[in-house]
Amino acid sequence: MKRALAAVLLVLSPVLAQDSAWFVSIPPVAVAPVPRADTHRLLEGGVVETDGFAQMTFSFGGEFKDAIPSSGRVGALLVPDDPKILHLLRNEGQIVFAVEVTYKVVPGKNAIFVSEQQTQRVAFPRYRVFFYNETGSTATVSLSVYRSRC
């Protein structure tokens, strides 16, 4: 019962959190296994506006749906929303100027996971979010971003 409640809170919390000028969330999305290197198949999650902000602090979490994998990682790439950079990503397989947050699977853990929080400087006015999943199990993930001006 506690595990089910924790799963509901973790997966739905970014949706229930009120977006503001400072906080934005990418709604939960199911990410089937897709390698990070397979850039034309990465799952697009939306756009994070960062114009006027100096840094962003972000984390993501989710739950494995099929089975708990014994190894691998799940991640989100925040790629500058620039036509030339996105062309390199999609057509050439090159990940340029991206910010990345990952969760590395730890054997013996439960299905619910949360990445380490990290803070990065903002270099572009807008980032497009792409998810990857290098495990053998589909995961429902969501990303939360807190933007600041200092």
Checklist line | Matching residues in segment 72-117 - criterion: being under 15 Å from the mean Cα position of the chain (by Cα), polar (S, T, N, Q) and assigned to a loop (DSSP other than H, G, I, E, B) | finding: Ser115, Gln117
Margin query: Give all pairs with beta carbons closer than 6 Å in which a residue from segment 100-122 that is in contact (Cβ under 8 Å) with a residue 24 or more places away in the chain meets a residue that is of a type in the set (Asp, Glu); count only pairs at least 6 apart in sequence or on separate chains.
Written below: Ala111/Glu63; Ile112/Glu63
Note to self: Six or more apart or on different chains, Cβ atoms under 7 Å: show the pairs whose first residue is in segment 129-144 and farther than 13 Å from Ser71 by Cα and free of Cβ contacts under 8 Å to residues at least 12 places away in the same chain and whose second is acidic (Asp, Glu) and outside any loop (DSSP other than H, G, I, E, B).
What the structure shows: none
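Only the coordinates and a few stated rules stand behind these numbers; no lab work does. These figures come from a predicted structure and were not determined experimentally. Neighbour counts are summed over all protein chains in view; Cβ atoms, including those assigned to glycine, are modelled from backbone coordinates with ideal geometry.
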